[in-house]
1. Output the residues belonging to segment 139-172 that are of a type in the set (Asp, Glu), surrounded by fewer than 17 Cβ atoms within 10 Å (Cβ to Cβ) and at pLDDT 95 or above.
2. How do the pairs read when you match residues in segment 195-207 that are under 13 Å from Gly104 (Cβ atoms) with residues anywhere that are charged (D, E, K, R), using Cβ under 7 Å and keeping only pairs 6 or more apart or on different chains?
3. Which residues, counting only those in segment 208-220, are aliphatic (A, V, I, L, M) and in contact (Cβ under 8 Å) with a residue 60 or more places away in the chain?
4. Return yes when Ala17 is over 25 Å from Arg142 (Cβ atoms) and in contact (Cβ under 8 Å) with a residue 40 or more places away in the chain and no when it is not.
5. Does Ile56 fit the bill of being within 16 Å of the chain's Cα centre (by Cα) and not aromatic (Phe, Trp, Tyr)?
6. Just the residues that are free of Cβ contacts under 8 Å to residues at least 24 places away in the same chain and either within 17 Å of Ile100 (Cα to Cα) or of a type in the set (Lys, Arg) (or both), please, taken from segment 152-169.
7. If only one of Gly94, Gly65, Gly116 is at negative phi and of a type outside the set (A, V, I, L, M, F, W, C), which one is it?
8. Restricting to segment 180-191, count the residues that are touching a Lys or Arg at 6+ places or on another chain (Cβ under 8 Å) and touching a residue at least 40 places away in the same chain (Cβ under 8 Å).
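The values are calculated or read from the model by the stated rules, or taken from the named source; none is laboratory data. Remember, it's a predicted structure, so these values are computed and weren't measured experimentally. Every residue, glycine as well, gets a Cβ built from its backbone with ideal geometry; the counts of neighbours run over all protein chains shown.
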Amino acid sequence: MEDRIRIAAGTLLQVYADIDLLALELCSDRLPFAPSAEARRALMTQIEEEVVHFSIQERTLETIGMPFTPTLALDKRNVIKMWFSHLDWYEFLGGLQLGIEGIGISVVEKVATAAGPIFQESLRIPISDERRQASFGVLEWRGLLSRLNTQEKAKQREGLLNIFERIYLMTEEALPVPFEQYWNDLGLEKDDLWETVRDRTRKILHQIGLEPDLPASFVA
């Protein structure tokens, strides 16, 4: 494998592995406060899946000579966790299941395709599981919106777009990674990846029953 490709794909895999750990932490923190037995089971399933995802990616990173190192510094990680801790159940799902798992995974899918067989295999199970995780968030949000009138739905859409925006801005600040350089090394274009993100955002909103829209930073 060309060293430039190994470093680019390996660094991005470091980020994805660390985000899987963050998702595990967020689910564990929320678990005691889940609103139902079904919700607790969903979080416990996701915790188990995130352990598997990280283990697969950790082994891959060892294989390519780039042992796992956290990309989120402890103080930045704590800021993100604190922000999530103040969200209600649906906001939490909007941030994690719809935002990180639902929208963010669209970029991971593109990277996996471009990075080569070793990386494709290390991301195959995580991508599949995270689609299921996103579907749980979609179902929960559908249930919420089915009980609301038009005005209340519009307010929820505005709030959800703000959550997507905040997650993007927090992670952009917290991750000291030259993403565009590594994407280019893998033959990926920033504009194409952003269009993928926009398409997935609109799709997620449509799936839960809201008019498609985009956060301000997604169209800048």
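1. Passing the criteria: Glu152, Glu158, Glu165.
2. Matching pairs, first to second residue: Thr196/Lys110.
3. Ile208, Leu210
4. yes
5. no
6. Lys155
7. Gly94
8. Looking only at that region, the number is 3.
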